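What follows is a single structure, written as structure tokens, with notes after it.
The values are calculated or read from the model by the stated rules, or taken from the named source; none is laboratory data. Please read all numbers here as calculations on a predicted model, not as lab measurements. Here Cβ is always computed from backbone atoms with ideal geometry, including for glycine, and neighbour counts include all displayed protein chains. Quick note on the areas: whole protein, heavy atoms, side chains included, nothing else; ligands and nucleic acids left out. Shrake-Rupley method; radii C 1.70, N 1.55, O 1.52, S 1.80 Å.
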Amino acid sequence: NNDRKLSSCSHKRNLVFIKWFINNINIEKFNSSNAYKIIKPMKIPFISYPYEWSYLQLKAAARLTLRVQKVALTFGLSLKDASAYNIQFLNGKPIFIDTLSFEKYNDLPWIAYGQFCEHFLAPLALRKFKGRKLSRLNQLFIEGIPLDLASKILPKRSWFNFAIFMHIHLHAKMQKKYSDVYNSNEKLNASEHKFSKKKHFALIDSLISMVKSLKLEIGESEWINYYESNNYNELSIRHKKELVEKFIRESNNKQNIIADIGANTGEFTRIAQKFANQVISFDFDEVVVEINYLQAIKHNEQKILPLVLDIMNPSPSIGWECNERNSIFDRANFETVMSLALIHHLAIANNVPLEKIVKAFSSLVNKFWIVEFVPKSDSQVKKLLSTREDIFPNYTQQEFEKQLTSNFVVEQKEKIVQTERTLYLLKKI
């Protein structure tokens, strides 16, 4: 499409057409003699979104986008899109998936520069200066965080960072200026905006340096030392690991996707990776997700994909007709779901009835649910109840098993030695 001013709506209509095309056209029927090349994409096992990525994952996606643009320029091409949604994570690394984003290079400024700043630079700078919790802004602003908003939120000291000043603060002011020009119907003379390939490379190198310089310390989190501060001793934690491995093995020898919800830094995720093509390792705390991601890189654990997910406020369906970005429940294609030491947090700390917990997890599970029940007699539950009134008379193991019967069959259950806890292997009905 040579129209360089595609509206957001027309772009979304293109997405609808592409979905229809994929579902209705048999590519094998195409006569290859009539085409230069036929591109048959690989299917991504699990689609993730930028608002589910940790800081380092977003940085990795940004750097890949810039590397792709740099290589494209050497072949006389350029990216007309620099959306974060053009990146997915597969086999432990980011990959570029939008082969339709390339167009022939011309000597005008990079058309995707603004989009790159909104999808990558603004979110990275905001998290660096204002905290990781602003990652959810990516979910609110699906087309990228507006630069004028980012400029207002960023602290005054960010103005003394030359790259941020240039690519965010000054860029925001220029956007407003040229928006005013456009709205006044004044025509821009393209000849006055020539941008040589040398300048293109300089711009990309500048952006690469800025992304590289945006470093964010891991920081503190109450969950970092969870495995050291819980009430498991050496024997009980070893027994729990043995049970988890046993249950995964007995549920299916080689599974497609396993999800570990409430994975923390991924200690049990690493057991699951032996039995799956991919393990999605979810946690609501971005700090522990970051640690998990760093460990996966360090040990070349290509099957593990750490993602940020708050199961109390999960990724919703958003965008055009609420179909452009699917909810976690719509994307769930998990043969087995693990939720270890999680149920009591949902039921006690967040007041979710056991009935609703079971129903929610049955929507995520294709075949098996490996779940740990922690009773009120456990010290961790006692700690949760120490600061609140016990209004949870139905939070019992008997009630939990009763609620399971409408959605699951108990295949196995075993008490973890020297604890009050029970591990279940449940089969979905």
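Nearest 20 debye, what's the magnitude of the dipole of the stretch 238-289 about its Cα centre given +1 on Lys and Arg Cβ and -1 on Asp and Glu Cβ?
My answer is approximately 380 debye.
Could you pull out every residue, at least 5 positions away or on a different chain, whose amide H is within less than 5 Å of the one on LEU307? Hs are placed 1.01 Å off N in the peptide plane, and Pro or chain starts have none.
SER281, PHE282, ASP283
Taking θ as phi - 60°, what are the ³J(HN,Hα) couplings along the stretch 341-358 by the Karplus curve (6.51, -1.76, 1.60), each to the nearest whole Hz, with x for Gly and Pro?
6, 10, 4, 5, 5, 5, 6, 8, 6, 10, 6, 8, x, 4, 4, 6, 4, 4
Would you tally the net charge around LEU66, using a Cβ to Cβ cut-off of less than 12 Å, leaving LEU66 out, and scoring K and R as +1, D and E as -1?
Summing Lys/Arg as +1 and Asp/Glu as -1 gives +4.
Once the dipole of the chain is set up with Lys and Arg at +1 and Asp and Glu at -1 on Cβ about the Cα centre, which of SER209, SER78, LEU90 lies farthest towards its positive end?
Value: SER78.
With springs only between Cα atoms under 10 Å apart, run a GNM on the chain and tell me which of VAL287, VAL381, VAL365 wobbles the most.
Comparing VAL287, VAL381, VAL365 in the GNM, the peak value goes to VAL381.
For LYS298, which lysines qualify as cross-link partners when the Cα separation must be under 20 Å and same-chain residues fewer than eight apart are set aside?
Of all the lysines, those that pass the test against LYS298 - Cα under 20 Å, at least 8 places apart if same chain - are LYS59, LYS93, LYS212, LYS215, LYS274.
What does the charge count around ILE164 come to, taking other residues whose C-beta lies under 12 Å from its C-beta (Lys +1, Arg +1, Asp -1, Glu -1)?
Around ILE164, the charge tally is +3.
Which of these, ASN256, ASN86, ASN323, has the largest mean-square fluctuation under a Gaussian network model of the chain (Cα springs below 10 Å)?
Among ASN256, ASN86, ASN323, the largest mean-square fluctuation in the Gaussian network model of the chain belongs to ASN323.
Name the residue from LEU346, SER196, VAL279 whose Cα lies farthest towards the positive end of the charge dipole of the chain, charges +1 on Cβ of Lys and Arg and -1 on Cβ of Asp and Glu.
Toward the positive end, the furthest listed residue is SER196.
For THR396, THR269, write out the residues from largest to smallest accessible area, computed with a 1.4 angstrom probe and no ligands counted.
THR396, THR269
From the backbone phi of the stretch 244-249, what are the Karplus-calculated ³J(HN,Hα) couplings (6.51 cos²θ - 1.76 cosθ + 1.60, θ = phi - 60°) in whole Hz, Gly and Pro given as x?
4, 4, 4, 5, 5, 4
Once phi is turned into ³J(HN,Hα) by the Karplus curve 6.51 cos²θ - 1.76 cosθ + 1.60 with θ = phi - 60°, what whole-Hz value does each residue of the stretch 62-70 show in order, with x for glycine and proline?
Per residue, the Karplus-derived 3J(HN,Hα) values read 5, 5, 5, 4, 5, 5, 4, 4, 5 Hz.
Counting DSSP beta bridges in the chain, what percent are antiparallel, to the nearest 5?
50
Would you work out what percent of the accessible area of the stretch 120-184, with all protein chains in place, is carbon or sulfur (probe 1.4 Å)?
With neighbouring chains kept in place, the figure for the stretch 120-184 is 63 percent.
Taking the Cα-to-Cβ direction at GLN139 and at ASN256 and moving 7 Å from each Cα, how far apart do the two end points lie in nm?
Computed distance between label sites GLN139 and ASN256 equals 2.6 nm.
Can you list residues whose amide H is under 5 Å from PHE195's amide H, if they're 5+ apart or on another chain and H is modeled 1.01 Å from N?
LEU108
For the stretch 310-429, what class follows from the C-alpha gyration tensor (a ≥ b ≥ c being the square roots of its eigenvalues): rounded when a/c is under 1.5, otherwise prolate if a/b is larger than b/c, else oblate?
oblate
Say we join alpha carbon atoms closer than 10 Å with springs in a Gaussian network model of the chain; which of TRP159, TRP110, TRP53 then has the biggest fluctuation?
Maximum fluctuation in the GNM of the chain, among the listed residues, is at TRP159.
Using the Cα gyration tensor of the stretch 269-315, with a ≥ b ≥ c the square roots of its eigenvalues, what is the shape: rounded (a/c below 1.5), prolate (a/b larger than b/c) or oblate (neither)?
Oblate, because a/c is 1.5 or more while a/b does not exceed b/c.
When DSSP assigns beta bridges and you keep just the ones with both residues in the stretch 328-425, what percent turn out antiparallel, to the nearest 5?
60
In Å², and per residue, what accessible area does the chain have when probed at 1.4 Å with the other protein chains present?
Per-residue accessible area for the chain comes out at 52 Å².
If you put +1 on each Lys and Arg Cβ and -1 on each Asp and Glu Cβ, how big is the dipole of the chain around its Cα centre, in Debye rounded to 20?
The calculated dipole for the chain is roughly 1420 debye.
Mind running the shape call on the chain? Use the C-alpha gyration tensor, a ≥ b ≥ c as the square roots of the eigenvalues: rounded below 1.5 for a/c, prolate if a/b tops b/c, oblate otherwise.
Because a/c hits 1.5 or more and a/b exceeds b/c, the chain counts as prolate.
Net charge around MET338, counting only other residues with Cβ within less than 10 Å of its Cβ (Lys, Arg = +1; Asp, Glu = -1)?
Counting the neighbours of MET338, the net charge comes to -2.
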